[in-house]
Amino acid sequence: MTWLWAIIVGLVLGLIAKAVIPGKQQIPLWLTIIFGMLGSVLGNWAATGLGVNETKGIDWVRHLLQLAGAVIIVAIGDRLWVSVRGHRRHAT
């Protein structure tokens, strides 16, 4: 069940990140999920470093850090995806 939850969170964070970033992103859905999962891990790491990973009630700061991590990773990952896919098209 943990993996299913990670995939769902990755999908939600990845889609929100794609909606927040201006312009159209070229990455496929499966990569959006992976980048969302990585953003969640990055946000959790930052929350732990800041000491806000375990709070009473809803962890709003941790969730915002997870979203920020997803935005960063989706933005960078999309640029890398476009550059790799662009070079591959020219090579064939």
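What's the total number of residues in the stretch 53-84 that are over 15 Å from Ser40 (Cβ atoms) and at pLDDT below 85?
Number satisfying all stated conditions: 5.
If a residue has to be of a type in the set (A, V, I, L, M), open to solvent by 90 Å² or more (accessible area, probe 1.4 Å) and over 15 Å from Ala70 (Cβ atoms) to count, how many in the stretch 5-57 make the cut?
1
How many residues, within the stretch 21-60, are in contact with a Leu (Cβ under 8 Å, 6 or more places away or on another chain) and under 10 Å from Val74 (Cα atoms)?
Summing the residues that are in contact with a Leu (Cβ under 8 Å, 6 or more places away or on another chain) and under 10 Å from Val74 (Cα atoms) in the stretch 21-60 gives 4.
The values are calculated or read from the model by the stated rules, or taken from the named source; none is laboratory data. For clarity, every value in this text was computed on a predicted model and none was experimentally measured. Positions of Cβ are backbone-derived with ideal geometry, glycine not excepted, and every protein chain shown enters the neighbour counts. In case anyone asks, the SASA skips ligands and DNA or RNA and just uses the protein heavy atoms, side chains included. Shrake-Rupley method; radii C 1.70, N 1.55, O 1.52, S 1.80 Å.
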